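Q: Got a structure here, written out as structure tokens. Questions coming.
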Amino acid sequence: MAATSLSGKVDPVIRKISIDDVKAALSEGIADFRRAPRHGLVLGGVSAAVGIAILALLYVLGLPYLAYPLGAGFALVCPFLAAGLYEVSRRLETGQSLAAGDVWAAIKGRSEIRWMGFATVFVLIMWMYQVRFLMALFLGYSGMMATLGEFLRVVFTTTEGLMFLVVGNIVGAFLSALLFSISVVSFPLVLDRDVDFVTAMITSVKAVAMNPVPMVFFAAIIAAMLFFSAITGFLGLLVALPVLGHATWHLYRRVIAPVA
């Protein structure tokens with residue numbers, strides 16, 4: 001008998017997948033981007049513009065040393081930013097209208113998306129708070145007020161700086177893994193079916209646990225593409241966000257069995 005969620009509805013059925021499924025999802029994601037490039041370029045462009053604006057603000061405020069942690073943290077909210085792309089892929093499958101107003105109306109009508117968006121922003125806030133805490137713990141107040149050049153010198157040439165770098169990246173990796181686990185399936189799921197966001201996140205975690213190798217492979221691809229986006233001043237998001245967004249939808253289709 002199928003399990004039921006808190007709302008009394010039948011829980012989604014999770015399937016086993018392989019690395020070949022991840023590769024196929026990426027290919028299908030690229031194909032969707034080619035079929036509907038306007039949506040991807042707009043969302044990718046907006047995301048890149050926001051990232052660039054944040055970096056510029058940091059320099060204006062004299063906080064350039066926060067550029068790296070914020071660049072890494074910005075990737076944490078990408079699943080939420082890509083929600084429109086999941087909907088575009090869904091509509092490409094069903095032959096529905098791809099008009100921007102229709103796509104936006106579908107997303108706006110799903111309150112679960114907003115709740116999950118709050119969850120991703122909360123993780124981002126946690127990330128930035130722990131960065132500031134670790135800076136104060138390992139580098140002291142002077143390290144937090146240093147210029148970018150001084151900050152990099154301290155981080156890479158002192159014991160305290162290296163400890164800050166190691167611990168910070170370990171914490172960041174943990175938060176990234178947590179967010180990936182709760183979001184990789186849940187965002188597409190709440191767009192596709194009438195499920196609550198708690199059930200969606202639990203389903204996502206179960207899907208990752210059931211398919212650890214393919215999911216780690218997909219997470220590594222996401223990390224590599226977002227790293228490329230960060231070192232290009234977020235301009236790489238013009239391509240990375242659309243491809244990863246569409247690919248996530250197709251991976252969801254392979255992981256979650258269709259409704260009987």
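Where a number appears in this text, it was derived from the coordinates with a stated rule and is not lab data. What you see is a predicted model, and the numbers here were worked out from it, not measured in a lab. Backbone-built Cβ (ideal geometry, glycine too); neighbour counts: all protein chains shown.
Q: For a label point 7 Å from the Cα of I107 along Cα→C-beta, name the residues of segment 224-260 whose backbone N is under 15 Å from it.
A: The answer is 238, 241-249.
Q: Continuing with this model, one more query. Out of these labelled values of Cα Rg over 2.2 N^0.38 Å, (1) 0.95; (2) 1.06; (3) 1.00, which was calculated from the coordinates shown here?
A: Identified label for the calculated read-out: (2).
Q: Could you work out how far the C-alpha centroid of segment 159-175 sits from that of segment 109-137, in angstrom?
A: 18
Q: Suppose only helical runs count, i.e. DSSP H with n ≥ 4. What mean residue ellipticity at 222 nm does that imply for the chain under -39500 (n - 2.57) per run, divided by all residues and rounded to the nearest 500 deg cm²/dmol?
A: -24500 deg cm²/dmol
Q: Starting at the first residue of segment 98-103, write each ³J(HN,Hα) from the Karplus equation 6.51 cos²θ - 1.76 cosθ + 1.60 with θ = phi - 60°, in whole Hz, x for Gly and Pro.
A: Calculated HN-Hα couplings, in order: 9, 4, 4, x, 5, 5 Hz.
Q: Using the Karplus curve 6.51 cos²θ - 1.76 cosθ + 1.60 with θ = phi - 60°, what ³J(HN,Hα) values do you get for each residue of segment 40-54, in whole Hz, with x for Gly and Pro?
A: 3J(HN,Hα) across segment 40-54, in whole Hz: x, 5, 5, 5, x, x, 5, 4, 5, 5, 5, x, 5, 5, 5.
Q: Net charge within 14 Å of P64 by Cβ-Cβ distance, Lys/Arg positive one each and Asp/Glu negative one each, not counting P64 itself?
A: Once positives and negatives cancel, what remains is 0.
Q: Ok, one more. Amide H of R193: which non-local residues (sequence gap of 5 or more, or other chain) have their own amide H closer than 5 Å, using H built in the peptide plane?
A: Those qualifying (amide H under 5 Å, at least 5 residues apart or on another chain) number zero.
Q: Something else about it: If I stretch the segment between L98 and V60 completely, what's the gain in nm (0.36 nm per residue apart, minus their alpha carbon distance), one decimal?
A: Answer, rounded to one decimal: 9.8 nm.
Q: Counting other C-beta atoms within 10 Å, which of D102, D194, D11, D21 has the fewest, and how do the rest follow?
A: By the 10 Å Cβ count, ascending: D194, D102, D11, D21.
Q: Mind listing the phi-derived Karplus ³J(HN,Hα) values for segment 210-216, rounded to whole Hz, using 6.51, -1.76 and 1.60 with θ = phi - 60°, and x for any glycine or proline?
A: These are the phi-based 3J(HN,Hα) values: 7, 10, x, 5, x, 5, 5 Hz.
Q: Given the options G245, G101, G44, state which has the largest fluctuation in a GNM of the chain using a 10 Å cut-off (strictly under) for Cα springs.
A: G101
Q: With everything on Cα atoms, drop me the angle between helix 148-157 and the longest principal axis of the chain, reported from 0 to 90° to the nearest 10.
A: Helix 148-157 sits at roughly 90 degrees to that axis.
Q: For each of M210, M225, count neighbouring Cβ atoms within 10 Å of the residue's Cβ, then give the residues from fewest to most.
A: Arranged by neighbour count, lowest to highest, M210, M225 become M210, M225.
Q: Full-extension gain between R114 and K206, please, as 0.36 nm times their residue separation minus the C-alpha to C-alpha distance.
A: 30.9 nm is the gain from fully extending R114 to K206.
Q: Put a dot 7 Å past each Cα toward the Cβ at V198 and A177; how far apart are the dots in nm?
A: Spacing of the two 7 Å Cα→Cβ label points: 2.6 nm.
Q: Let me ask something additional. With the alpha-carbon atoms as the only input, what is the per residue convex hull volume for segment 121-260 in Å³?
A: In segment 121-260, the Cα hull volume divided by residue count equals 129 Å³.
Q: Calculate, in nm to one decimal, what V216 and A136 gain on full extension: separation in residues at 0.36 nm each, minus their alpha carbon distance.
A: So the chain would gain 25.6 nm between V216 and A136.
Q: Order of W104, W249, W115 from fewest to most other C-beta atoms within 10 Å? Show your work: numbers first, answer last.
A: Working: W104 12, W249 25, W115 15.
Listing W104, W249, W115 from fewest to most nearby Cβ atoms yields W104, W115, W249.
Q: Which cross-chain or sequence-distant (5 or more) residues have an amide H under 5 Å from the amide H of V13, H modelled 1.01 Å from N in plane?
A: So V13 has HN proximity to A257.
Q: What angle, in degrees between 0 and 90 and rounded to the nearest 10, separates the Cα long axis of helix 237-255 from the longest principal axis of the Cα atoms of the chain?
A: Taking the Cα atoms of the chain, the angle to 237-255 is about 40 degrees.
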